[in-house]
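Working notes for the structure below.
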Amino acid sequence: MKYKVTLNGRTYEVEVEAGKAMLTDEYEAFAPTPTAPAAPAAAAPAPAAAPTAPTVTAAGEPVNSPMPGTILRVEVTQGAAVKEGQLLVVLEAMKMENEILAPKDGTVAQVIVSKGSHVETGSPLIVLA
């Protein structure tokens with residue numbers, strides 16, 4: 001197999017065969033010359049304010065998202081009693097449905113997310129008391 005390798009501005013053509021490497025060609029590599037920057041455009045409008053992330057307002061242990069994704073279903077409501085291992089939320093990440101389960105017995109103190117919410121890794125989903 002032949003490979004082209006650029007090292008310190010020089011390009012080497014290397015042929016590798018059955019564990020042995022042999023230099024077949026060597027030549028200078030030239031980077032393209034930078035062009036003059038374009039005239040500055042009119043001031044870009046300020047980016048829209050990012051939507052504020054829901055916050056935990058209830059006392060208790062938050063159940064956090066293990067990965068970024070979109071909430072497909074919320075299976076519990078505030079005030080509901082849950083058992084350890086009970087399904088709380090279904091989270092879609094990379095076209096896979098991931099079930100977020102209750103880590104312990106408790107009562108749902110706060111439901112932070114809703115169907116269609118986008119969450120990041122570590123975002124609180126539910127608060128258990």
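Some notes on this structure:
- Conditions (1) over 29 Å from the mean Cα position of the chain (by Cα); (2) at pLDDT 80 or above; (3) loosely packed, with under 11 Cβ neighbours inside 10 Å; number of the one not met by Leu7: (2)
- Scanning segment 108-129 for residues being among the β-branched types (Val, Ile, Thr), closer than 13 Å to Thr77 by Cα and in contact (Cβ under 8 Å) with a residue 40 or more places away in the chain gives a total of 4.
- Top-ranked residue in segment 90-102 [being among the hydrophobic types (A, V, I, L, M, F, W, C) and within 19 Å of the chain's Cα centre (by Cα); ranked as nearest to Asn64 (Cα to Cα)]: Ile100
- Taking the criterion of being over 16 Å from the mean Cα position of the chain (by Cα), farther than 12 Å from Pro62 by Cβ and of a type outside the set (Lys, Arg), the residues of segment 103-129 that qualify are Asp105, Thr107, Ser114, Gly116.
The values are calculated or read from the model by the stated rules, or taken from the named source; none is laboratory data. In this text, all values refer to a predicted model and were calculated from it rather than measured experimentally. We place every Cβ from the backbone using ideal geometry, glycine too, and count neighbours over all the protein chains shown.
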